[in-house]
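Single-structure report; data block below.
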Amino acid sequence: MDECLFCKIVTGEIPSQKVYEDSEFFAFLDINPRNPGHTLVVPKKHYNTVMEMDDHEAGEFFKVVKKIAIAVKKGMNADGISLGQSNERAAGQVIPHAHFHVIPRFLTEGPPGLESILPTKKMTNEMLEKSVKVIQENIGASVQASRPEPAPEPQPEPSEPETEPVTESTSEPASEESSNGVDRELKKIDDEKFSFE
């Protein structure tokens with residue numbers, strides 16, 4: 001892609017601190033490192049997300065990520081490694097080119113991982129069962145097939161009392177507004193994605 005930052009780094013149009021390169025993949029130091037040695041690993045061929053890669057390419061990608069992770073851990077004398085990989089804006093992907101962050105981690109720092117940053121959400125057994133069902137139904141689906149058409153705007157119906165969302169966060173909400181936003185999103189997920197006939 002002409003305007004992709006990582007594509008320009010791969011071609012050398014934008015300089016980088018190259019850590020590794022082979023015929024298909026490129027690794028370089030992050031310019032905004034979380035720790036010294038924080039490395040990005042990218043495929044040379046442009047993919048917006050890893051979900052667009054075929055199985056063979058994705059497998060080869062992870063082999064290179066593993067190789068870099070071992071080298072970063074040993075080279076930086078790290079106590080652990082965080083592998084970060086986000087797909088699409090909602091997940092926090094900033095550069096729309098598939099990539100992994102390989103971040104050396106040390107026992108003297110925190111938080112230990114993404115799981116300790118994102119609040120947990122309580123789910124009913126019904127929501128868990130629906131989650132399993134829709135995931136299983138989509139195993140093997142293509143990326144395009146997993147992007148549903150936008151739902152039509154709902155038509156006004158007779159007023160019914162609002163029901164409380166079936167989920168709640170175990171973390172204290174930052175504000176009433178953000179809490180309501182999370183509740184609305186979870187309710188939207190429940191209403192739109194988990195409605196079965």
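Any of LYS67/LYS122; LYS73/LYS130; LYS74/LYS133; LYS8/LYS63 with alpha carbons more than 32 Å apart? Name them for me. Before the final figure, lay out each step's value.
Numbers: LYS67/LYS122 37 Å; LYS73/LYS130 39 Å; LYS74/LYS133 42 Å; LYS8/LYS63 23 Å.
Table pairs above 32 Å Cα-Cα are LYS67/LYS122; LYS73/LYS130; LYS74/LYS133.
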Quick numbers on the stretch 35-81, Rg and Dmax over C-alpha atoms in Å, give 12.4, 34
If N is the residue count of the stretch 8-115, its Cα Rg over 2.2 N^0.38 Å rounds to 1.04
For PHE28, the net charge from surrounding residues (Cβ-Cβ under 14 Å; K, R +1; D, E -1) works out to -1
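Just so you know, all these numbers are worked out from the coordinates, no wet-lab data involved. Fair warning: this is a prediction, and the values are worked out from it, not measured in the lab. Please note: Cβ atoms are built from the backbone with ideal geometry, for glycine as well, and neighbour counts cover all protein chains shown.
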